[in-house]
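The structure under discussion appears below in the form of structure tokens.
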Amino acid sequence: VGPVDDDALSIEVRKDKLLGGLLAAGFDETSCVSRYQSVLYRKESQHKPSPYLISRLRSYEALHKRCGPYTESYNKTLEKLKTGHPLESTDCNYLVWISFSGLGNRILTLASAFLYALLTNRVLLVDPGTDMVDLFCEPFPEVSWFLPLDFPLKNQFGSFDQKSPHCYGRMLKNNSFANSSKSISAPFVYLHLVHDYDDQDKLFFCDEDQTSLREVPWLIMKTDNYFVPSLFLIPTFEQQLSNLFPRKEAVFHLLGRYIFHPTNPVWGLITRYYQAYLAKADERIGIQIRVFDTGTGPFQHVLDQIFACTLKENLLPDISTEKPIINQSQKSKAVLVTSLSGGYFERLRDMYWEHPTVTGEVIGFYQPSHEEYQQTEKQFHNRKAWAEMYLLSLTDVLITSSWSTFGYVAQSLGGLKPWILYKPENRTAPDPPCGRVMSMEPCFHAPPFYDCKAKRGIDTGAVVPHAIFQQQEALSQLQIRRIIIG
């Protein structure tokens, strides 16, 4: 249950507002209320940051302060980018993340980029796009993580693709290197890690290629993939990753809680909704519905699937259609539904309003918004989307839809292992309707299957046992290849 008064709030915040050392002290708390107040709305995490992760985060913050936008080191390195001259070694190297794709993808890829920056001692700079400043607080003390608007390559971001002269994959195809050891003298390299990347682009995940990229002062990255699992397959990073994350399934859980703090306007949406509808329930259940079928919903097979899943897994009680239940239970459950459509929420709500539950429990259904279709570039739409992801992460039990990065963000921030609704075929509810995921980590939808040493395709999961490649034929109806670190 959420906070009830100011005294309780101050006691709880003092308990562990720094999340076990994950967060740095010293920020202006009024500028980003969520940073230190989030502890009030969450259960204590079972996944504590390792001492090494805490140490590396503090070291990174010092690096960012020294090398961030408009610092002396930044200005010096930027001048070399502008001139395009051959480069000597620089004090600071940078990774620029291009704002690309939907909000769920952006959150997952930004966490991936930050981990890569951490592993390679680069300074992460974030393209603000149209709404990043509106959605997320600054995560690092004193110096912004947002790329300045006058960055000289910014106007080219929209045109960067596999055909760009500075694309790493293309450079490999054209053998565009200073010498045979693949030493790169270019002032910047573009990394195309989007789902349509080819075999040359994917060589980014090879040790030899990481060595060749090491001295490039500016790496510009565009991706819509959560590529963290493949970082574990790079021998150079293996020991450091093991020290950072002794429990590999907690990577996004910890990095997400460190990086992603809702701005005050978004935090207001979250806390007002939580207090009004969720705080007083004995149990909170999240149902995240993403439907890929064309046509106007709600679809009966999706409703059938949701109902079958909640009953089969004892997440919600059945309803009684024959006789009234006189003795009501004192227990209440609040069900938070997120969907672009309002129809699923209405049908579920009406079902539990018109009929009593067989247990006598009182079930309340709530849906913050129903935008009808995805509006990626609309500011308030994305505020609501971020608020709803966060609200889902505050639930006790979570049901999500396959293929949805929206659900991945919620489950990982919340430290939850959701039941995932399998993708229906031919508009028929699958049997079984859902299954428990193996890990709270997000999925890597388009992983490389490549042996860097043998230079041929391979089942990467057989090379590194903790990287599990989940095949649709064997394990689920998700129709995707997934990597889950566990």
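In summary, the aspartates and glutamates within cross-link reach of LYS280, defined as a Cα separation below 15 angstrom excluding same-chain residues under 8 places away, comprise ASP5, GLU361, ASP396.
The lysines whose alpha-carbon is closer than 26 Å to the alpha-carbon of LYS423, local same-chain residues fewer than 8 away aside, are LYS312, LYS384.
Summary: within the chain, the longest segment free of GluC sites (Glu not before Pro) located in DSSP loops with at most 10 other C-beta atoms within 10 Å is 89-321. Helical runs assigned H by DSSP (4 residues or longer) give the chain a calculated mean residue ellipticity at 222 nm of -10000 deg cm²/dmol, each run adding -39500 (n - 2.57) before division by the residue total. So for the chain, averaging the separation of alpha carbon pairs under 8 Å that are six or more residues apart and normalising by length, what relative contact order in percent results? Relative contact order here is 16 percent.
Taking amide H as placed 1.01 Å from N in the peptide plane, the amide H of VAL123 sits under 5 Å from that of ASN93, TYR94, LEU95, each at least 5 places away or on another chain.
The value of relative contact order for region 228-361, using C-alpha pairs under 8 Å at least six residues apart, is 28 percent.
Database note for the chain: Cys without another Cys beta carbon under 4.7 angstrom, CYS167, CYS443. Sparse packing (at most 16 other Cβ atoms within 10 Å of the Cβ) combined with a DSSP loop state is found for the following trypsin sites (Lys or Arg not before Pro) in region 79-167: LYS163.
For the chain, complete DSSP H runs whose alpha carbons reach 20 Å or more along their own long axis and whose mean Kyte-Doolittle score is 1.0 or higher are 103-120. Solvent-accessible surface of the chain, averaged per residue with a 1.4 angstrom probe and all protein chains in place: 43 square angstrom.
Please work out whether region 261-333 counts as rounded, prolate or oblate from its C-alpha gyration tensor, where a ≥ b ≥ c are the square roots of the eigenvalues and a/c under 1.5 means rounded, while otherwise a/b larger than b/c means prolate and anything else oblate? Taking the square roots of the gyration eigenvalues as a ≥ b ≥ c, region 261-333 is oblate. When the alpha-carbon atoms of the chain are used, the pair Rg, Dmax equals 23.5, 82 angstrom. Consider a paramagnetic label point 7 Å from the Cα of ALA24 along Cα→Cβ; state which residues of region 100-135 have an amide N under 17 Å from it. Only 114-115, 117-119, 121-126 pass the distance filter.
Using a ≥ b ≥ c from the Cα gyration tensor of region 111-157 (square roots of the eigenvalues), is it rounded, prolate or oblate, where a/c under 1.5 gives rounded and otherwise the larger of a/b and b/c decides, a/b for prolate? Mind dumping the intermediate values first?
Working: a/c = 1.70, a/b = 1.23, b/c = 1.39.
Oblate.
Here the accessible area of the chain is 50 percent carbon and sulfur, with a 1.4 angstrom probe and all protein chains present.
Straight-line reach from LYS248: taking Cα to Cα under 25 Å and skipping same-chain neighbours fewer than 8 places apart, the lysines in range are LYS17, LYS43, LYS48, LYS202, LYS222, LYS417, LYS453. Between GLU361 and SER329, the built amide H atoms are under 5 Å apart, and every one of these is 5 or more places off in sequence or on another chain. Amide H contacts under 5 Å for LEU421: THR400, SER401, SER402, restricted to partners 5 or more places along the chain or on a different chain, H placed in the peptide plane at 1.01 Å from N. Computed over the Cα atoms of region 33-259, the ratio of the radius of gyration to the Kirkwood radius (Rg/Rh) comes to 0.95.
The values are calculated or read from the model by the stated rules, or taken from the named source; none is laboratory data. Owing to the predicted nature of the structure, the values given are computational and were not obtained by experimental measurement. A quick note on method: Cβ atoms are made from the backbone with ideal geometry, for glycine too, and the neighbour counts reach across all protein chains shown. In case anyone asks, the SASA skips ligands and DNA or RNA and just uses the protein heavy atoms, side chains included. Shrake-Rupley method; radii C 1.70, N 1.55, O 1.52, S 1.80 Å.
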